[in-house]
Amino acid sequence: MYWKNTLFVIFDKGSTTIGLALLFIIMSIITTDFLSVDNLVNVMRQSAVLCIMAVAMTFIIITGGIDLSAGSQLAVSGVAVSGLIAAGVPIPLAILITIIIGGLIGLFMGTVISTQNIPPFIVTLAMLTILSGIAFVYTEGTPIVVSNALFREIGRGFIGPIPTAIVIMIIVAIIGHLLLSHTRFGRYVYTIGDNEEAARLCGINVKLVKTGVYAFGGAIMAIAGIVLASRLSSGSPNAGTGSELDAIAAVVLGGTNLFGGEGKISGTLMGVAIISILNNGLNLLNVSSYNQLMIKGVVILLAVWLNSIKARRKASV
């Protein structure tokens, strides 16, 4: 029994690191271009949007919630910032307005979820459709091209040797970590996810905290949408389609309990690395987009299954 418990502890604490190392080694062996400098820089740049999304998703999932509208939020944010810049609005103001719009979207979802007791799955699924429709109506199905060179620097430029998108990602991750691990708000997030009724009895304003989590998440999703639009030099209503699945997978692979109450930003970063390397490797192997969806679906199912095993194991200890 002792060796079984020891193996479980190793798996519980280091499974994400082991998985990342194995994936890195496998991709290095089966693809000739994976270890090239250009490809690794490309992986880092492309992972920035996913990482920013995953930081927001970490907060939401720790509370026991979910956000299926994340991809549509990216699309709305992208077309919003692109439309504003194309209309002549200064870039800083366009970015600020877009982040506020994202925060308001999250605020609306959080308010509905926390005050009407409607499951987050239902609310965010409905918002996925609504936001996607708004993006298509606003653009009439045509991407809004942004020719502003300064705006393109956000997603394509460098600050010294580091891609600007990575710098933004690091800042967002640090803010997320500090909020989650070193503030009263973060402690409330964990408490609500662990036992919402107990949190309420302890005097925590559960409705306010949950609403705040979704509002914060919406603002962060907007930042991800801005970075993506900059990288693409356009705001497209199709941008971000399916990216919510990658974000959820990254968060769960990083050790966040899908049922709430447990998770860290550092773990999420590891999960993002796994998903980003997997996506890049599949592209290098010329795996079709349809097969990629199936593979990522299996990864999500496996992550949830392992998460469930860990939860049952801890409950029995």
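The values are calculated or read from the model by the stated rules, or taken from the named source; none is laboratory data. Model, not experiment: these values are computed from the prediction. No Cβ is skipped: glycine too gets one built from the backbone with ideal geometry, and neighbour counts run over all protein chains shown.
Here are the numbers for this structure:
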read-out: The one condition in (1) out of contact with any Leu (no Cβ under 9 Å at 6 or more places or on another chain); (2) surrounded by 17 or more Cβ atoms within 10 Å (Cβ to Cβ) that Asn117 fails to fulfil; value: (2)
read-out: The stretch 174-227, subset assigned to a loop (DSSP other than H, G, I, E, B) and touching a helix residue (DSSP H, G or I) at 6+ places or on another chain (Cβ under 8 Å), residue farthest from Gly242 (Cα to Cα); value: Cys202
read-out: Output for the stretch 102-114, where each listed residue is surrounded by fewer than 18 Cβ atoms within 10 Å (Cβ to Cβ) and under 15 Å from Ser72 (Cβ atoms); value: Leu104, Phe108
read-out: Given (1) in a helix (DSSP H, G or I); (2) at pLDDT 95 or above; (3) surrounded by fewer than 24 Cβ atoms within 10 Å (Cβ to Cβ), number of the condition Val55 does not satisfy; value: (3)
read-out: Any hit, the stretch 15-25, residues being in a helix (DSSP H, G or I), at pLDDT below 95 and closer than 30 Å to Ala199 by Cβ; value: yes
read-out: The stretch 23-52: number of residues that are surrounded by fewer than 19 Cβ atoms within 10 Å (Cβ to Cβ) and charged (D, E, K, R); value: 2
read-out: Hey, Gly240 closer than 30 Å to Ala21 by Cβ, under 15 Å from the mean Cα position of the chain (by Cα) and outside any helix (DSSP H, G or I) or not; value: yes
read-out: In the stretch 61-83, the residues that are assigned to a helix (DSSP H, G or I) and under 10 Å from the mean Cα position of the chain (by Cα); value: Ala70, Gly71
read-out: Residue check, Leu178 within 30 Å of Phe151 (Cβ to Cβ) and either in contact with a strand residue (DSSP E or B) (Cβ under 8 Å, 6 or more places away or on another chain) or surrounded by fewer than 19 Cβ atoms within 10 Å (Cβ to Cβ) (or both); value: yes
read-out: Set Ser233, Ser147: member being among the hydroxyl-bearing types (Ser, Thr, Tyr), touching a strand residue (DSSP E or B) at 6+ places or on another chain (Cβ under 9 Å) and surrounded by fewer than 21 Cβ atoms within 10 Å (Cβ to Cβ); value: Ser233
read-out: Positions within the stretch 124-152 being within 21 Å of the chain's Cα centre (by Cα) and either in a loop (DSSP other than H, G, I, E, B) or of a type in the set (Ser, Thr, Tyr) (or both), in sequence order; value: Thr124, Thr129, Ser132
